[in-house]
Amino acid sequence: MIRPKELSVVVCDRKEIKRFIEEHHYSKSINGVKSSFCFKVLFNSEIVGAVLFGQLSTTAWKKFSNSEEEVLELRRLVLLDEAGKNCESRVISQCLKYIKKTDRTIKCIVSYADPNYGHTGVIYKASNFKFVGMSGKDKGFIDKETGRLYHSRALRTKYKGDYKPFVKKLREKLYAGLLDPIQLKPKYCYVYYY
């Protein structure tokens, strides 16, 4: 079992952690996720985790600040199961310290724990985030072929005015009746203030 102090948290390019997140994070994707800060988590020079911070994908930042530039969201956090107790909170702490030192305009970090995947935000509480309530109701889709869950936002993601290739494929599945709509549970919302 890997202990927290055995981990190194290193700033990296998005491309260095993309595959790791897509393999190990429950979402299996970073498509449509904005990224401002990316970190790889190393144990003996091997990647055992990844963290991605970026702007919120909606105008939800208005709930937390008067300026979008002052708000970041912890968009992805994943560590291998070999990482033991308290590893997540130590990794988050290292990331927050780096962001504070690097970008003084950021006043808060927002993160959502998704009960649709069994998450309630225990690691955010352990990392001194404040619980501020639940997100609004939302809709999702389950892929009949793969069983994978997609947020409704996944069908609307555009790049330079056009749907991304993965969105086009999802929309084709929707029109073919291969995506079942479901009501998603609201997410737990946590905020860390600098």
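The values are calculated or read from the model by the stated rules, or taken from the named source; none is laboratory data. All figures in this text were calculated on a predicted structure; none of them were measured in a lab. Ideal geometry is used to build each Cβ from the backbone, glycine not excepted, and the neighbour counts take in all protein chains shown. Protein only, heavy atoms only, side chains kept; ligands, DNA and RNA dropped before computing areas. Shrake-Rupley method; radii C 1.70, N 1.55, O 1.52, S 1.80 Å.
By how many degrees, 0 to 90 and rounded to 10, does the Cα axis of helix 165-175 deviate from the longest principal axis of the chain?
40 degrees
How large is the charge dipole for the range 5-45, taken about the Cα centre, if only the Cβ atoms of Lys, Arg (+1) and Asp, Glu (-1) carry charge, to the nearest 20 debye?
Taking the Cα centre of the range 5-45 as origin, the dipole is about 120 debye.
Which FRET efficiency value, to the nearest 0.05, do you get for Arg156 and Ala126 by plugging their Cβ-Cβ distance into 1/(1 + (r/R0)^6) with R0 = 30 Å?
So the FRET efficiency works out to roughly 0.35.
Run the 1.4 Å probe and let me know the accessible area of Arg156, rounded to the nearest 10 Å².
About 130 Å², rounded to the nearest 10.
Need one value: the accessible area of Tyr194 in square angstrom, 1.4 angstrom probe, rounded to the nearest 10.
80 Å²
Considering only Ile99, Tyr194, Tyr26, whose Cα is most displaced toward the positive end of the charge dipole of the chain, charges sitting on Cβ of Lys, Arg (+1) and Asp, Glu (-1)?
Tyr194
My understanding is that a pair violates if its Cα-Cα distance is over 19 Å; which of Lys62/Lys160; Lys62/Lys164; Lys63/Lys137 do that in this structure?
Pairs exceeding the cut-off: Lys62/Lys160; Lys62/Lys164.
Subtract the Cα-Cα distance of Asp180 and Lys85 from 0.36 nm times their separation in residues, and report this length gain in nm to one decimal.
Going from the current span to full extension adds 30.5 nm.
Quick check: pseudo-label points 7 Å beyond the Cα along Cα→Cβ at Tyr163 and Arg3, how many nm apart are they?
Rounded to a tenth, the inter-label distance reads 5.2 nm.
Quick check for me: using +1 on Lys/Arg Cβ and -1 on Asp/Glu Cβ, what's the dipole size of the chain about its Cα centre, in debye to the nearest 20?
Value, rounded to 20: 460 debye.
Once label points are set 7 Å from the Cα along Cα→Cβ at both Ser45 and Arg171, what is their separation, rounded to one decimal in nm?
My value for the distance between the label points is 4.6 nm.
Please report the net charge: other residues with Cβ closer than 14 Å to the Cβ of Lys130, K and R +1, D and E -1.
Net charge in that neighbourhood comes out at +3.
Holding the Cα-Cα limit at 31 Å, pick out from Lys97/Lys169; Lys101/Lys185; Lys101/Lys125; Lys15/Lys97 the pairs that are longer than that.
Check vs 31 Å cut-off fails for Lys97/Lys169; Lys101/Lys185.
Would you kindly calculate the mean projected area, averaged across all directions, of the convex hull enclosing the Cα atoms of the chain, in square nanometres?
Seen from a random direction, the Cα hull of the chain projects 11.4 nm² on average.
Roughly speaking, what % of Cα-Cα pairs in the range 1-40 are separated by over 11 Å, rounded to a whole number?
Summing the P(r) tail past 11 Å for the range 1-40 gives 69 percent.
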